[in-house]
Amino acid sequence: MKKLIIALDGYSACGKSSTAKLVAAQLGYSYIDTGAMYRAVTLYFLDNYVELTNPKAIKTALDKINITFEHNPLTQLSDTFLNNLNVEDEIRKMYISQNVSQVSAITEVRKAMVAQQQKMGKKRGIVMDGRDIATTVFPDAEVKVFMTADTVVRASRRQKELFAKDEIVDLDIIVENIKKRDNIDSTREESPLRMDKDAFLLDTTFMTVDEQVEIVLQLATSKMIAINKELGMVN
Ligand code: DC
């Protein structure tokens, strides 16, 4: 059975990662959170005072960054490591969200991350979420989904996630952050966030995570059947 590449792109905080994790678990695929990679780079840049307008400093910094994912047996989820240090909690904090879109708009940063993501997906059997997976990282992905949702609904979901990690943030601040990030992500020069022509549009405003997962699984199953038919394995 040919393993698929499933690309889940879309706006900030509309349920991409929750959906992607569960779809990957159901299919026995790997899940790759590309937003976590840009967040880890942002953390490194902030910690090391890397000037975002200095291409030489950016290149030197990128050469020193190693991002990996490791399974956490306690949470049964995958944690993000920056140079062998577990940064999973740190990169989800609000100060990272407030800086990540500026960092991820830098061409050199994108080139480095995209190359790493393409390497990670070589073995196929992956669910990757991000902003440019269907358009740039894996234009040949068999399943492409573009997720969106109402801004206030997204902000309140993000607020609950932050609250669960003891970070109390005003809803208005999160709404502003989401709008600003959406704007920077969609208008940047290098691979901006946009819906691929082959993508399925999924508006999650009134959906539960289980419903979102179900839809993506249906799309994946239909694709597998079509591929197997082409290969003459199914009538
Ligand atoms: O999915 P997220 O909110 O954790 O992503 C954080 C930021 O990283 C987001 O504002 C834009 C950027 N990003 C990107 O530019 N390309 C990706 N493939 C994934 C994330």
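Checked against (1) more than 23 Å from E51 (Cβ to Cβ); (2) within 12 Å of the ligand (Cβ to nearest atom); (3) open to solvent by 60 Å² or more (accessible area, probe 1.4 Å); (4) out of contact with any Lys or Arg (no Cβ under 9 Å at 6 or more places or on another chain), K180 passes all but condition (1). Each residue in region 7-16 was checked for being outside any helix (DSSP H, G or I) and either away from the ligand (no atom under 14 Å from the Cβ) or of a type outside the set (A, V, I, L, M) (or both), and 6 pass. Is region 101-120 home to any residue that is touching a strand residue (DSSP E or B) at 6+ places or on another chain (Cβ under 7 Å) and modelled with pLDDT under 95? Yes: one or more hits. Tallying residues that are buried (at least 21 other Cβ atoms within 10 Å of the Cβ) and either near the ligand (Cβ under 9 Å from one of its atoms) or closer than 18 Å to I65 by Cα (or both) within region 118-140 yields 7. The residue of region 27-51 that is farthest from the ligand (Cβ to nearest atom), among those that are closer than 22 Å to T208 by Cα and in contact with a helix residue (DSSP H, G or I) (Cβ under 6 Å, 6 or more places away or on another chain), is Y31. On the stretch given as region 17-35, residues that are surrounded by fewer than 19 Cβ atoms within 10 Å (Cβ to Cβ) and part of a strand (DSSP E or B) total 1. Among the residues of region 48-57, just one is in a helix (DSSP H, G or I) and open to solvent by less than 70 Å² (accessible area, probe 1.4 Å), namely A57.
Out of F81, F45, one residue alone is among the hydrophobic types (A, V, I, L, M, F, W, C) and either touching an Asp or Glu at 6+ places or on another chain (Cβ under 6 Å) or in a strand (DSSP E or B) (or both). It is F81. Restricting T75, T60 to residues that are away from the ligand (no atom under 16 Å from the Cβ), in a loop (DSSP other than H, G, I, E, B) and exposed (fewer than 14 other Cβ atoms within 10 Å of the Cβ) narrows the list to T75. Would a scan of region 86-98 turn up a residue that is closer than 19 Å to C14 by Cα, in a strand (DSSP E or B) and within 12 Å of the ligand (Cβ to nearest atom)? Within region 86-98, none of the residues are closer than 19 Å to C14 by Cα, in a strand (DSSP E or B) and within 12 Å of the ligand (Cβ to nearest atom). Scanning region 78-109 for residues that are surrounded by fewer than 14 Cβ atoms within 10 Å (Cβ to Cβ) and either among the small types (G, A, S) or within 19 Å of S191 (Cα to Cα) (or both) yields T107, E108. Only residues that are out of contact with any helix residue (DSSP H, G or I) (no Cβ under 7 Å at 6 or more places or on another chain), open to solvent by less than 40 Å² (accessible area, probe 1.4 Å) and assigned to a helix (DSSP H, G or I) were counted in region 187-214, giving 0.
The values are calculated or read from the model by the stated rules, or taken from the named source; none is laboratory data. Computed from a predicted structure; not experimentally measured. Every residue, glycine among them, receives a Cβ derived from its backbone with ideal geometry; neighbour counts consider all protein chains shown. Heads up: the accessible areas ignore ligands, DNA and RNA and are worked out on the full protein's heavy atoms, side chains in. Shrake-Rupley method; radii C 1.70, N 1.55, O 1.52, S 1.80 Å.
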